[in-house]
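Encoded as structure tokens, the structure appears first; notes follow it.
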Amino acid sequence: MSDDQDNGQDTGRALPERGLPAERVLGDVKALRAGDRPTHGGRLFAYVYDPAVPGLDELAAAAHAGSAHVNGLDPTAFPSLLAMENALVGAAARLLGGGPGTNAPDVVGSVTSGGTESLILAVKAARDARPDVAAPRIAVPVTAHAAFAKAAHYLRVALDPVPVDPVTLRPSAAAVAAAIGPDTVLVACSAPSYAHGVVDPVAEIAAVAAGAGVRCHVDACFGGWTLPWLRRLGEPVPPFDFAVAGVTSISVDLHKYAYAPKGVSVLLHRTPALRAPQFFAYAGWPGYTMVNPVIASTRSGGPIAAAYATLRHLGEDGYLRLAAATRDAVAGLADAVRGTHGLRLLAEPESTVVCFTSTDPTLDLFVLVDELTARGWHTQPQLSYGDLPASVHLTVTAAVAPRVAEFGPDLADAAAAARAAGPVELPAGLTALAATLTPDALTPELVAGLAAALGLGAAVADPGAAAAGGGAGSGPGGAESGPGGGFAPDATVNALLDAAPPALRERLLVEFVGLLQRPTY
Ligand SMILES: Cc1ncc(COP(=O)(O)O)c(C=O)c1O
């Protein structure tokens, strides 16, 4: 007997005994989605990129559907995909200082599934270009995206963190030079960094890298599709692309500010020779010879077609207009922060990020984030790291522009409420425990106890229910679980994580997310 139909008790199982009608299934998905953070409406400042262009979602969805079953495994079987991919790479190259008539005329690239894959492949290409180096290393500013650390981990490449100036939040070229050694195969920098939105001194860093004969990757996953338009609008954008000698590769995510649906990034290399070691080919089995430019083998054409449709529909004029709206929204939000007693911009905005910290010990940022959430503003808390204070991150997109006037009063109100509530007080002993516990000492029992102490009991007692209700979070301190999930990190959780050293944060979050990722039956 099927629970789903015969009892009228829907368990939401993915495989009911008897199939359900399409409208019913779509209704179920819609009902599940109701617990998510709002992807549209300009009140979610992370995870999503919304241009608020009428009809764009429908266009992208139609293009996606039309190519969803096309397989990028073999570009000769599906030339449509190859054509769209090459067009996307050409558009990205041209926007980022490459292509005909530039000093980087031979730029080539690949479409990947996202920024992380682009960065992993940039590291792989750099590693495999140097078979002479037995123990390769990469020099990466501490403010660069965590995906570099993931790449280093996956590829068994050592990560040399480059410190940043705590005021400018940028690495100096001298610090990069000091991190380069004989085994360094890649130097990285950000344009801009995700956390603070500041652009690293790319020209100086690339010069240092070139002088040492080392590749230099510019991670423009976040800003590669906004900085060029901001420059055209007259903003003072420093050189960061292929116009800079010594820049060997650049990544730019189309599923961020090109406003394409998720699953598309572009990795560009200055020359085909630089790209060559990115590829993987294997003929040592009796099946088809596998040749993959990217990590995935079978790849859906959906995201590529959707991105292609999005770019063609918006066009240069559209992106310029959206960049102007975003720039104005950034200015308005930054003014709201400046006007709120006890808050300070961590960096003057120079791209599309507003990042602020607290200057008042009675104003706990994590409590403020919760107060903003209660007022319908979903911001991203960032934990303290080294000598960088905890902060609140706002990724600003064009959809925010019409909401800006409402933000200032709500921010002031939320700050007053956070002050009245006072800073988080962790349960007795927990702060000391967090500061002293080593990751290895974290037993499942201890995690369960911690989860219970933090009010995450539902996730522990009934992990299946938690998994059914919420998405798997991944953001430190700002995990993505929606309100329906068993793990919606609040100020208390963030305070605990903030008190813990990074290695313990990692371990705690792995354990908590592991509790969420349990099958439902
Ligand atoms: C600068 C930067 N690099 C890399 C990434 C990773 O991108 P993805 O989440 O698409 O893997 C991000 C994501 O925010 C980013 O901002």
In nanometres, the difference between 0.36 nm per residue of separation and the alpha-carbon distance of V291 and K262 is 8.0 nm
Share of accessible surface on carbon and sulfur in the chain, whole %, 1.4 Å probe and ligands ignored, is 60
With +1 assigned to the C-beta of every Lys and Arg and -1 to the C-beta of every Asp and Glu, and no other charges, what is the dipole magnitude of the chain about the Cα centre in debye, to the nearest 20? 1140
Nearest 500 deg cm²/dmol is fine: what mean residue ellipticity at 222 nm does the chain get from its DSSP H runs of n ≥ 4 alone, each adding -39,500 (n - 2.57), divided by its residue count? -12500 deg cm²/dmol
Please get the size of the charge dipole for region 302-443, origin at its Cα centre, with Cβ charges of +1 on Lys and Arg and -1 on Asp and Glu, quoted in debye to the nearest 20. 300
Indicate the gyration tensor shape class of the chain (rounded, prolate or oblate), computed on the Cα atoms with a ≥ b ≥ c the square roots of the eigenvalues: a/c under 1.5 is rounded; otherwise a/b larger than b/c is prolate and the rest oblate. rounded
What FRET efficiency would be calculated for the residue pair T443, A149, taking the C-beta separation as r and a Förster radius of 25 Å, to the nearest 0.05? 0.45
5 Å is the cut-off here: which amide hydrogens, built 1.01 Å from N in the peptide plane, fall below it relative to Q380, excluding neighbours closer than 5 in sequence? H393
So if I take the centroid of the Cα atoms in region 145-186 and the same for region 362-391, what is the distance between those two points in Å? 27
So which trypsin sites (Lys or Arg not before Pro) in region 91-183 end up in coil per DSSP with only 14 or fewer other C-beta atoms within 10 Å? R156
Go through region 200-215 residue by residue and turn each phi into a ³J(HN,Hα) via Karplus (6.51, -1.76, 1.60, θ = phi - 60°); whole Hz please, and just put x for glycine and proline. 5, x, 4, 4, 5, 5, 5, 5, 4, 5, 4, x, 8, x, 10, 5
Could you work out how much longer the chain between K30 and Y282 gets when fully extended? Use 0.36 nm per residue separation minus the Cα distance between them, nm to one decimal. 86.5 nm
Specify which residue in the list S358, G318, A307 is farthest towards the positive end of the charge dipole of region 302-369, using unit charges on the beta carbon of Lys, Arg (+1) and Asp, Glu (-1), about the Cα centre. A307
State to the nearest 20 debye the size of the charge dipole of region 97-200 about its Cα centre, where the only charges are +1 on K and R beta carbons and -1 on D and E beta carbons. 180
Each residue of region 346-360 in order: what ³J(HN,Hα) in whole Hz does its phi give by Karplus 6.51 cos²θ - 1.76 cosθ + 1.60, θ = phi - 60°, with x for Gly and Pro? 6, 9, 5, x, 10, 8, 10, 10, 10, 10, 9, 10, 9, 10, 10
Positive-end residue, region 6-105 charge dipole about Cα centroid, Cβ charges, pick of P51, L32, F78: P51
If unit charges are put on Cβ atoms (+1 for Lys and Arg, -1 for Asp and Glu) and the dipole of the chain is taken about its Cα centre, the option from A405, P489, F240 lying farthest towards the positive end turns out to be F240
Accessible surface, per residue, of the chain when the full set of protein chains is kept, probe 1.4 Å, Å²: 42
Residues A178 and A374, FRET efficiency given R0 of 35 Å [Cβ-Cβ distance, rounded to 0.05]: 0.15
Karplus-derived 3J(HN,Hα), 6.51/-1.76/1.60, for each residue of region 398-414, Hz, glycine and proline x: 4, 5, 6, 3, x, 9, 4, 4, 7, 6, x, x, 5, 5, 4, 5, 5
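The values are calculated or read from the model by the stated rules, or taken from the named source; none is laboratory data. Fair warning: this is a prediction, and the values are worked out from it, not measured in the lab. Note: ideal-geometry Cβ built from the backbone for every residue, glycine included; neighbour counts use all protein chains shown. Areas reflect the complete protein model, heavy atoms only, side chains present, ligands, DNA and RNA absent. Shrake-Rupley method; radii C 1.70, N 1.55, O 1.52, S 1.80 Å.
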